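Reviewing the structure listed below.
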Amino acid sequence: MNRTKEKSITSKCLFFITVPLLTAFFTASCGETSGPASELDSFDKKAATKSTQIAQVELTNPSVFARNDQPVYISYYDLGISKNNQQAIELFVSVNSNLIPSQDIDTDYDGINDSVFFLADLEGNEPVTYVIKSASKKSKNSYKVKRTQAEISHKTGGEWISHSKKKKGDFKEYTGGEFVNVTELSPPAHYTDHSNWIRYEGPGIESDKVGYRIYLDWRNGFDIFGKNTSEPALQKVGLDGYDSYHHMQPWGMDILKVGSSLGSGGFGLWNDNKLSLVSDVGNWKATVLENGDLRSSIKINYNDWNNSLNIQDLTANISMNAGSRLANVELQFTNDIPAMATGVVKHKETELIVGELDITGKAYSYIASWGKQSLDDSMLGMAIFFKREDLLKVTQDEKNYLAILKPSGKKSQQKLNYLFAAAWEPESSISSKDKFIEYLDQETEKLTIDPRSRLKTALSQSQTVIEIKAADALSWSTKLADSELKRKALNYHYNGWDENRKRKPKFEYDIVGLQPLAYYELASLTGDKNHSEVIEKVTATFITEEGDIRKYKQKKFNIDSVAPGRNLLKLYKDTNHKKYRTAAGHLRKQLAEQPKTTQGAFWHKQKYTSQVWLDGVYMGMPFLAEYAMMFEEGQQQTDTLEQVVKEFRLARKYLKDKQTGLYYHAWDEQKKQDWADKETGRSSYFWGRGLGWFVMGLVDVLDHLPKEKSELRNELIEIANELAEGIAKVQDPTTGTWWQIMEQPASVGNYRESTASAMFVYFFAKAINNNYISSTYRKNATRGYQGLINEFVLSHQDGSISMTNQCLVAGLGFGRDGSYQYYMSEPIWKNDPKGNGPFIFSGIEMYKLLSNEASLDN
């Protein structure tokens, strides 16, 4: 396996690069002492003294509440470590010159460690810097505090006899013998529940908060061990049989009556509106994947699972982190399943609690139960956490409160992720429903909103250019373009796979439009056939020989779908093939029929009634202007170009803030949307990429307005100058980049955002190159581009690079309320086409800007 494969940077940490840390990275941190923290039981001090710093990561709490024991995962790929190098070294993590526990872990359950993991304490909103060092691997770190455990034990030395309780079938139970701890176990065919062979009847996993056991038989129920101690307890459970742990012990006790329910977090098939347990299984296999101090994980294989839809092999990977009650479940399927159920047992005198569901798709919500349902008569809360986009419905049957979830992924490679948790009153001190809901809401926010993180690695540092030259700018665009060619840029063809949306590609603005267009423009400078062919290998695959567009529906009147039309015009120019002109004509027809506001601005979509978004101006107007110049004449062409400029004029009228000069994200003419101000109809915030789309569209449209249309050109140039002034004022003085919410750098959770930063650099550089704005803005373009490279580019051991800290998506309506918290809740990503395209474009324009200056100097 290629261990330089791109790892998803998931929770809960994403990684940024920073200019201000350049000096500190090599000075202050190099003198950092490496003495062991008090938590360390034993540590190779000589190895620590001789260690080499490979990275530092600055973490900031995005919440108003403290985040102690915040999980942080950093992949070897992002650290710039190859597989071979990692096997020869050991990684150490420190904060404030004190070593803290860390662990090498396997995040994708493929049997090979791929990340370093540690826990961060983020109590305020001031950044905390963690240093990561490497040294020769001489001995494994050993920590005094073991905070997680995974294990499974079975008896040996006894014998199988006929089962005393199971008279039907060839079931047996075990008598005599002693328990032996193992790392994997497959029960024989004659094993069933209460066979006295597996200690506590299946594998167990625990943190310092709570423990869980999974029945390794037809029941597949998930049970809870309430803990009175933060120390590992599983090794003490059930040594004298099944009865003792159902009564209070010094470590705690089994606290849940599961019966034939799912218990706490179990799963089953949902078909024909009913739950079926994972019972009819050819054989089970449980494996301890990790038994670490900070994280442990187990795998359960349900081989030849025979259900009402198919027969397949189902795998469940379950992991727990120290300091948390949550267990993460990843289900992997070998045949497609339309719906799975997970949930918690429905006991009498309990109530179902449902979290907020009117939220964005990738945000987390929950179902939960609360009541006096513990076997010791204490209050107990249980919960299931899931992404909103995975939820089909919330329901219940006779025995369970249920969340019905939808697996996703490629055919026969589907996956489903969710988490479950239990809060037992004696351990958690949560004694009321209100306190339990407060806990659930905080856990949901922690799952949804990552710590704000800035990663600086030695490898990235070594490749940083202090003063950008023209060749450097073109080189960075080429590096990212080539890196994405190796990763996934060519996967977005009609029969391909949209990695970020987890589905087959559609005729989308970013994967089919923006990114292939960036490759096309880059090829005009590099002459690289690999770049020029992307537009044909991706965009062209959606066009039939008759000129129809696959995965496109005009009746939706989605202006985003118009953006790839610019590529169709390029293809027509290059090939003179009629099908591309015909396809472009379909998009032109859409705009001719697109619903408009009363003053004539295009609606963003049919379902977004009377709404104008900044995004939509970019999606439609550059295509419309170019199409008019290619295929329209006379008054028709003039009317079209006036319509194009009118779109900018109306956006300026309704979205511009007079005080800052910035534009709000969207406007609702009817003033009915939840996000719309009831007096102005405007949304409430200046979203960076929203304005980035607008200014990119502005300079791109000017490419197609002929000089004789001076009145139209001058109107757009005036808008460009107004916006240049406003955007320059909110440029981050420290890094030269821009923030997610542009004018609120100090607000909790806000972060420097790379896609908007790339778009603004493109705008400044292109506007200067074409004399639309004053050359005095050169400093904003160069500082912005330098910041773009030093803050957001991550170098990898294989020579590739990544663009980090990208807001994956943001919109309004349908669970997106336009609040500040909403803009903070959308995922932060890397290497998404919505950022890759502007990054490549910005490098192209900076190359032109710096080349022009170099020629003037000569």
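The values are calculated or read from the model by the stated rules, or taken from the named source; none is laboratory data. These numbers were taken from a predicted model, which means no experiment stands behind them. Quick reminder, even Gly has a Cβ in these numbers, built from the backbone with ideal geometry, and neighbours come from all protein chains shown. To get the accessible areas, we keep the full protein, side chains included, count just its heavy atoms, and leave off ligands, DNA and RNA. Shrake-Rupley method; radii C 1.70, N 1.55, O 1.52, S 1.80 Å.
Under the 0.36 nm per residue contour assumption, what length would be gained going from the current alpha-carbon distance of Met248 and Asn770 to full extension?
Working: separation 522, 0.36 × 522 = 187.92 nm, distance 7.79 nm.
That pair, Met248 and Asn770, stretches by 180.1 nm at full extension.
Give me, ordered by chain and number, the residues 5 or more places off Gln373 or on other chains with an amide H under 5 Å from its own placed amide H.
Result for Gln373 returns Leu380.
Which order, highest average first, do 115-125, 187-197 follow once you tally other Cβ atoms within 10 Å for each residue and take the mean per peptide? Show your work: numbers first, answer last.
Numbers: 115-125: 19.6, 187-197: 17.9.
Going by the mean number of other Cβ atoms within 10 Å, highest first, we get 115-125, 187-197.
Under a point spin-label approximation (7 Å from Cα along Cα-to-Cβ), what is the Ser136-Lys555 distance to one decimal in nm?
It is 7.1 nm.
What's the local net charge at Thr539, with K and R +1, D and E -1, over the other residues with C-beta under 10 Å away? Mind showing how you got there, number by number?
On the way: positive: Lys537, Arg566, Lys570; negative: Glu536.
So the environment of Thr539 carries a net charge of +2.
So if we plug the beta-carbon distance of Asn271 and Glu231 into 1/(1 + (r/R0)^6) with R0 = 56 Å, what FRET efficiency do we get, rounded to 0.05?
On the way: r = 43 Å, r/R0 = 0.76.
In this case the efficiency is close to 0.85.
Just to confirm my numbers, what's the Cα centroid distance between the range 788-858 and the range 299-329 in Å?
37 Å
If we sort 821-833, 779-791 on the protection proxy, mean other Cβ atoms within 10 Å, highest first, what's the order? List each step's numbers first, then the result.
On the way: 821-833: 21.9, 779-791: 24.4.
The peptides rank, most packed first, as 779-791, 821-833.
Might you report the magnitude of the Cβ-based charge dipole of the range 282-403 about its Cα centre, with Lys and Arg at +1 and Asp and Glu at -1, to the nearest 20 debye?
Numbers: 12 positive and 16 negative charges, 17 e Å.
Here the size comes out at about 80 debye.
Which order do the peptides 523-536, 89-102 come out in when sorted by mean C-beta neighbours inside 10 angstrom, highest first? Write down the numbers at each step before the final one.
Details: 523-536: 17.0, 89-102: 20.4.
Per-residue Cβ counts within 10 Å, averaged per peptide and sorted highest first, yield 89-102, 523-536.
Which of Lys133/Lys236; Lys410/Lys433; Lys556/Lys766; Lys658/Lys834 have a Cα-Cα distance over 31 Å? Let's see the in-between values first.
Working: Lys133/Lys236 36 Å; Lys410/Lys433 40 Å; Lys556/Lys766 33 Å; Lys658/Lys834 29 Å.
Table pairs above 31 Å Cα-Cα are Lys133/Lys236; Lys410/Lys433; Lys556/Lys766.
Looking only at the range 570-597, which residues have a backbone nitrogen under 17 Å from a spot 7 Å from the Cα of Glu545 in the C-beta direction?
The answer is 577-583, whose backbone nitrogens lie closer than 17 Å to the label point.
Using a basic spin-label model with each label point 7 Å from the Cα along Cα→Cβ, how many nm lie between Thr464 and Glu642?
It works out to 5.3 nm between the two label points.
Give me the net charge of Gln740's neighbourhood, meaning all other residues with Cβ under 13 Å from the Cβ of Gln740; Lys, Arg count +1, Asp, Glu -1. Each step should come with its number before you reach the end.
On the way: positive: Arg452, Arg689, Arg752; negative: Asp450, Asp732, Glu743, Glu753, Glu826.
Taking every other residue near Gln740 into account, the sum is -2.
Which FRET efficiency value, to the nearest 0.05, do you get for Ser378 and Glu743 by plugging their Cβ-Cβ distance into 1/(1 + (r/R0)^6) with R0 = 60 Å?
Details: r = 49 Å, r/R0 = 0.82.
For R0 = 60 Å, the calculated efficiency reads 0.75.
How much length is gained on full extension from Arg503 to Glu123, taking 0.36 nm per residue of separation minus their Cα-Cα distance?
Working: separation 380, 0.36 × 380 = 136.80 nm, distance 3.83 nm.
Gain on extension, Arg503 to Glu123, equals 133.0 nm.
Determine the sum of side-chain charges near Lys502: Lys and Arg each +1, Asp and Glu each -1, restricted to other residues whose C-beta is under 11 angstrom from that of Lys502.
Summing Lys/Arg as +1 and Asp/Glu as -1 gives +4.
Just the number, please: carbon plus sulfur as a percent of the accessible area of the chain, 1.4 Å probe, no ligands or DNA/RNA counted.
For the chain, the apolar C and S fraction of the accessible surface comes to 46 percent.
Measuring from the lowest to the highest alpha carbon on each principal axis, how far does the chain reach, largest first, in angstroms?
97, 63, 50
Between Ser308 and Lys348, what is the FRET efficiency for a Förster distance of 41 Å, r being their Cβ-Cβ separation, to the nearest 0.05? The partial results should precede the final answer.
Values: r = 30 Å, r/R0 = 0.73.
Efficiency, rounded to the nearest 0.05: 0.85.
222 nm [θ] for the chain, helices only, -39500 (n - 2.57) per DSSP H run of 4+, per residue, to 500?
Working: 21 runs with 248 residues, N = 858.
The per-residue figure over the chain is -9000 deg cm²/dmol.
Accessible area per residue for the chain in Å², computed with a 1.4 Å probe and the full protein assembly in place, what is it? Provide the component values of the computation, followed by the final result.
On the way: 32300 Å² over 858 residues.
Heavy-atom accessible area per residue stands at 38 Å².
Once label points are set 7 Å from the Cα along Cα→Cβ at both Ser475 and Asn852, what is their separation, rounded to one decimal in nm?
A separation of 2.4 nm, rounded to one decimal place.
So how much slack lies between Lys709 and Thr156, counting 0.36 nm per residue of separation and subtracting their Cα-Cα distance, in nm? Could the numbers behind the result be given before it?
Details: separation 553, 0.36 × 553 = 199.08 nm, distance 8.95 nm.
So the chain would gain 190.1 nm between Lys709 and Thr156.
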